[in-house]
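The values are calculated or read from the model by the stated rules, or taken from the named source; none is laboratory data. Small disclaimer: the values here were computed from a predicted structure and weren't measured. Using ideal geometry, Cβ is built from the backbone for each residue, glycine included, and neighbour counts are taken over all protein chains shown. Side chains are part of the model used for accessible areas, which takes the heavy atoms of the whole protein and leaves out ligands, DNA and RNA. Shrake-Rupley method; radii C 1.70, N 1.55, O 1.52, S 1.80 Å.
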Amino acid sequence: MILVRPIDWETSNISSQEFYDDYCKLVSQWVSFLPIITRESSSKASARTTIIRFIVQDLYNFTLHPSVLNFMTTIPNLIPILLKMTDIQQDETQLNIYRCLGKIMVEEDIKTMAHPDKIAIIYIKFLSNSIDDVKKKGRFHSLLESLTNWVQHDQLKVYLLDQNILPLLIRCIMETKFDPIKAQKPALEILLALSFKNDASSSLKQNQQFMNYVRNLSKNTISTEASLQRAAEGLLWKLEKETEAVAKPTSTNTHQFDIMISYSHSDKQICHRIHEQLVKDGFRVWIDREHMHGATMIAMAEAIENSNIILICMSDAYKQSVYCQSEAHYAFERRRRLIPLIMKSHYKPDGWLGIIASGKLYVDFIKLEFESAYDRLKVEINQCHQQKTSLSTIIPKEKDPQKSSATIASSVEQYSTVKLPHCINQWTNDHVKSFLVSIGLKDTLLMLCIRMDGHRLIHLYEMCMMNRESMFQSLKAELVEGHYKLLPHDAGQRGTAAQIRQYDDLNNRTKLNSAKRKMVNGVIHSPDLKHTPKLDKSLNQLAAKHLDAFPK
């Protein structure tokens with residue numbers, strides 16, 4: 001028998017150590033009990049279903065409290081247990097299982113699933129069945145809110161788009177019968193996350209009626225709907241303004257701020273403490289201490305442009321916030337100095353956040369005492385300032401960028417015949433140069449990758465695949481500014497085609513048939529290659545089929 005203290009979710013104080021300890025014990029008991037109850041005989045099916053529904057509902061309620069959720073992510077068998085229960089024939093329980101999984105699963109967990117597309121299929125089914133049913137309005141709102149967690153995973157974005165989710169979300173936004181905060185706002189946030197995929201972004205931008213509606217929402221001045229205005233403005237920023245902003249020349253002059261703090265308001269307590277200490281130490285710091293209203297992303301973009309260093313305060317809440325993703329991506333694309341800070345115990349960044357933070361030293365404000373972590377942060381800040389100060393002496397700016405480019409180009413001729421190792425992570429700087437020369441990018445992309453090894457090339461490739469247009473604009477701006485060169489729009493396609501061909505070569509040309517091999521070679525060597533969405537689709541299909549197995 002299990003004795004359970006009744007939980008008043010509205011008034012319980014999870015921050016209380018007594019309650020926290022009790023609830024962690026209860027979560028552990030439920031997790032150990034679920035495999036037992038699911039194995040009960042069919043004669044007790046009704047009672048078993050009731051108990052499972054109660055336990056799963058309780059587990060989902062616990063995920064709404066950050067401290068208990070953090071504990072749940074450390075339970076090694078919780079995800080496998082819940083995944084085994086996803087076929088349960090009871091809609092409410094099945095929905096709560098997926099809501100729990102959406103809170104605790106990370107990118108690697110999704111990759112281990114046999115059929116991860118099932119998540120998208122289930123959500124589309126539930127949304128379609130409840131969107132026009134007044135009696136299921138609460139469930140519909142809950143589904144949208146839960147989907148804002150799932151949509152931060154790159155794989156799920158692809159599956160949701162494959163299931164044609166865009167028309168459904170557009171309905172949620174444009175039809176007046178839907179609640180502004182419970183339906184329109186999460187739908188806008190889901191679309192903002194999906195718009196990091198070019199297919200979704202292009203489709204939305206072509207829908208002028210939808211775009212005009214979102215523009216009107218972004219001008220909403222009703223105080224009770226400020227979060228709706230923020231969501232609309234964020235989507236407009238991504239679809240209409242980000243590309244132009246990224247392409248602006250990067251200023252190398254002094255900045256208005258030394259530091260900007262990019263963080264989730266769930267982590268505000270420790271972030272505000274960091275801010276106060278930095279100000280005491282004389283740093284000029286930009287931080288959004290309140291939820292900003294109006295032109296939020298424009299204000300954030302201006303803060304990023306006017307700051308020398310960006311602190312990326314990493315946690316599950318940060319990773320799951322599409323606004324934080326927009327900030328971090330823009331800071332990355334504007335080539336700001338990034339310092340990642342860990343805000344939650346045992347946190348490991350993955351997905352888009354893992355790529356942005358890759359290769360950088362994390363400062364862990366949970367594992368270390370605050371004073372020790374802050375001292376390490378100051379060391380990182382000082383190193384960034386020293387690098388900026390000494391940059392002109394380490395890499396003197398050429399008076400004639402065209403002459404500099406010619407010097408670089410002539411120095412890499414010798415690398416055109418270097419044999420490339422099987423594993424890209426083993427590629428040296430010379431191998432990368434050889435690769436870029438071989439695919440016809442000697443006079444363009446090579447100028448930006450002159451000191452890059454294989455590991456860094458992989459990360460550049462992943463960033464380009466995640467956000468092609470904005471990365472293209474960022475690289476193009478850097479190439480024009482530094483070398484007076486134009487980056488061809490087919491550069492990404494040539495790179496993808498070259499990776500596919502090398503994979504085929506390493507497997508004795510057994511992976512591509514003659515027609516596909518000819519198509520790939522044509523992309524690599526054609527002097528007048530035209531960038532088209534159709535070609536993108538063909539290369540992406542080949543990459544999805546072959547490059548997951550490509551050694552990295």
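Looking only at residues in the stretch 361-382 that are assigned to a helix (DSSP H, G or I) and of a type in the set (Ser, Thr, Tyr), which one is nearest to residue 339 (Cα to Cα)? Top of the filtered list is 374.
Number of residues in the stretch 158-182 that are in contact with a His (Cβ under 7 Å, 6 or more places away or on another chain) and buried (at least 24 other Cβ atoms within 10 Å of the Cβ) equals 0. Just so you know, in the stretch 255-275 the residues that are within 19 Å of residue 330 (Cα to Cα) and among the polar types (S, T, N, Q) include one that is modelled with the lowest pLDDT, and it is 256.
Pairs linking a residue in the stretch 112-126 that is open to solvent by 60 Å² or more (accessible area, probe 1.4 Å) to a residue that is part of a loop (DSSP other than H, G, I, E, B), with Cβ atoms under 9 Å and 6 or more positions apart or on different chains, are 121/115; 121/163.
For the stretch 332-350, the count of residues that are within 30 Å of residue 146 (Cβ to Cβ), within 14 Å of the chain's Cα centre (by Cα) and surrounded by fewer than 19 Cβ atoms within 10 Å (Cβ to Cβ) is at least one.
Within the span defined as the stretch 422-429, one or more residues are among the β-branched types (Val, Ile, Thr), open to solvent by less than 30 Å² (accessible area, probe 1.4 Å), at pLDDT 50 or above and within 28 Å of residue 358 (Cβ to Cβ).
Criterion applied to 86, 63 was being among the polar types (S, T, N, Q), open to solvent by less than 60 Å² (accessible area, probe 1.4 Å) and under 24 Å from the mean Cα position of the chain (by Cα), and the one residue passing it is 63. Can you name the residue in the stretch 284-339 that is part of a helix (DSSP H, G or I) and either at pLDDT 95 or above or among the charged types (D, E, K, R) (or both) and, of all such residues, is farthest from residue 385 (Cα to Cα)? So, considering only residues that are part of a helix (DSSP H, G or I) and either at pLDDT 95 or above or among the charged types (D, E, K, R) (or both), the one farthest from residue 385 (Cα to Cα) is 316. Restricting the first member to the stretch 352-371 and to residues that are outside the structural domain of residue 151 (by the TED database) and touching a residue at least 12 places away in the same chain (Cβ under 8 Å), and the second to residues that are open to solvent by 50 Å² or more (accessible area, probe 1.4 Å) and part of a loop (DSSP other than H, G, I, E, B), the beta-carbon pairs closer than 8 Å and six or more apart or on different chains are 354/348; 366/344. Taken over the stretch 199-220, the criterion of being open to solvent by 50 Å² or more (accessible area, probe 1.4 Å) and part of a helix (DSSP H, G or I) is satisfied by 199, 202, 203, 205, 206, 208, 209, 212, 213, 215, 216. Sub-8 Å Cβ pairs linking a first residue in the stretch 32-45 that is under 15 Å from residue 89 (Cα atoms) to a second residue that is open to solvent by less than 70 Å² (accessible area, probe 1.4 Å) and modelled with pLDDT under 85, at least 6 apart or interchain, are 38/48, ordered by first then second residue. Here is a check on your reading of the model: is residue 105 at pLDDT 85 or above and touching a Phe, Trp or Tyr at 6+ places or on another chain (Cβ under 7 Å)? Judged against the criteria, residue 105 is not a match.
Residues are listed down the side, and each one gets a yes or a no for (1) within 18 Å of residue 320 (Cα to Cα); (2) under 22 Å from the mean Cα position of the chain (by Cα):
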| site | (1), (2) |
| --- | --- |
| 175 | no, no |
| 180 | no, no |
| 190 | yes, yes |
| 198 | no, yes |
| 209 | no, no |
| 215 | no, no |
| 219 | no, no |
| 222 | no, no |
| 226 | no, no |
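The residues of the stretch 221-246 that are among the β-branched types (Val, Ile, Thr) and either surrounded by 15 or more Cβ atoms within 10 Å (Cβ to Cβ) or assigned to a loop (DSSP other than H, G, I, E, B) (or both), listed by number, are 221, 222, 243, 246.
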